[in-house]
Amino acid sequence: MPVTSEVDRSDAAPDGPALPVNELFSSLQGEGTLAGVPSTFVRTSGCNLRCWFCDSSHTSWEPTHAWMSVDDVVAAVEERTPDHVVLTGGEPAIHDESFELLRRLDDDYHLTVETNGTVVPPKGTPVDLVSISPKLASSTPTADRIPAGVEGDTDADAADRAERHEAARVELAALAALVERYESQLKFVVTGRDDMTEIVDLVDRVREAASVPVPDDEVLLMPEGQTREQLAGTRETVADLALEYGFRYTPRIHVDVWNDAPES
Ligand SMILES: C[S@@+](CC[C@H](N)C(=O)[O-])C[C@H]1O[C@@H](n2cnc3c(N)ncnc32)[C@H](O)[C@@H]1O
Ligand SMILES: Nc1nc2[nH]cc(C(=O)O)c2c(=O)[nH]1
Ligand code: SF4
Ligand SMILES: [Mg+2]
């Protein structure tokens with residue numbers, strides 16, 4: 001069972017550095033090269049993208065949060081046992097206070113930042129692993145491809161939203177800066193074989209733009225799916241694609257084990 005406990009939350013932003021935090025919990029890292037490692041997750045609210053498949057739509061499409069001071073986030077992390085912290089969201093890199101939080105935790109924790117790779121932290125921000133999940137064309141929302149439970153809107157609004165997502169989803173210079181500056185992984189959400197041409201092309205472009213190598217085993221293919229049932233439909237195809245292309249496969253342990261229950 002994931003370890004859960006209530007965090008003291010107030011509605012209004014407190015004085016001083018604070019973050020919109022949607023949830024704070026401890027679980028096993030479910031994805032990527034550190035899958036299986038006990039970790040405390042800090043999930044910030046707010047995102048600059050709108051992936052149709054977002055498994056955290058309560059941070060992106062319909063952001064909910066309570067403000068927490070950076071002091072309180074640090075205290076809540078310190079109350080827990082894991083020595084790995086995963087800062088995720090939403091998109092944590094859109095908040096300057098995320099970088100303050102990382103500086104505060106740097107001495108005592110292994111720090112992973114999960115990001116869509118469109119925003120680069122200021123130079124000197126401590127991060128032990130940047131887990132970058134660049135978004136492909138297959139992530140773009142359309143009028144009939146929006147998260148379950150989110151109300152649809154007019155076709156014109158949906159078209160605007162799709163256009164904004166398309167324009168914002170890949171920032172090549174940001175991707176290159178992130179892989180140059182930090183230990184990193186490129187973790188692609190794969191919906192099927194049709195995504196592979198774009199993945200290969202984007203990895204090539206990052207390799208050309210960056211001054212450091214991007215080895216194949218730092219390129220991860222992750223099956224799309226928020227539930228066990230959905231993953232059952234994608235995982236074998238994606239595992240086969242990883243083998244065929246020489247990239248690494250990552251499971252989604254929290255979905256396999258807890259079916260992506262809240263705070264898991
Ligand atoms: C909710 S995002 C938050 C961090 C950041 N915004 C990002 O996209 O990387 C955390 C991770 O979940 C992945 N993800 C979101 N929805 C997913 C889905 N339906 N299937 C597989 N992975 C998903 C994202 O690609 C990312 O790797
Ligand atoms: N266990 C667990 N591992 C995760 N890795 C990335 C997650 C995320 O939603 O950002 C996540 C999550 O929500 N739970
Ligand atoms: S970038 Fe991340 S948080 Fe934002 S909508 Fe996509 S998956 Fe969700
Ligand atoms: Mg999740």
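The values are calculated or read from the model by the stated rules, or taken from the named source; none is laboratory data. In this text, all values refer to a predicted model and were calculated from it rather than measured experimentally. Each accessible area value is taken on the protein alone, full model and side chains, heavy atoms only, with ligands, DNA and RNA left out. Shrake-Rupley method; radii C 1.70, N 1.55, O 1.52, S 1.80 Å.
Overview of values
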read-out: The range 119-264 - accessible surface per residue (Å², probe 1.4 Å); value: 48 Å²
read-out: Tail weight of P(r) past 13 Å, computed on alpha-carbon pairs of the range 64-103, percent; value: 58 percent
read-out: Euclidean distance between Cα centres, the range 13-29 to the range 67-145, Å; value: 10 Å
read-out: Integer Hz, Karplus 6.51/-1.76/1.60 couplings in order for the range 120-125, x for Gly and Pro; value: 9, x, x, 3, x, 5
read-out: Of Ala167, Ala18, Ala177, the one that fluctuates the most in a GNM where the chain has Cα springs shorter than 10 Å; value: Ala167
read-out: Percent accessible area from carbon and sulfur atoms, the range 18-188, protein chains only, probe 1.4 Å; value: 47 percent
read-out: Cα extents of the range 60-172 along the three principal axes, largest first (Å); value: 49, 31, 21
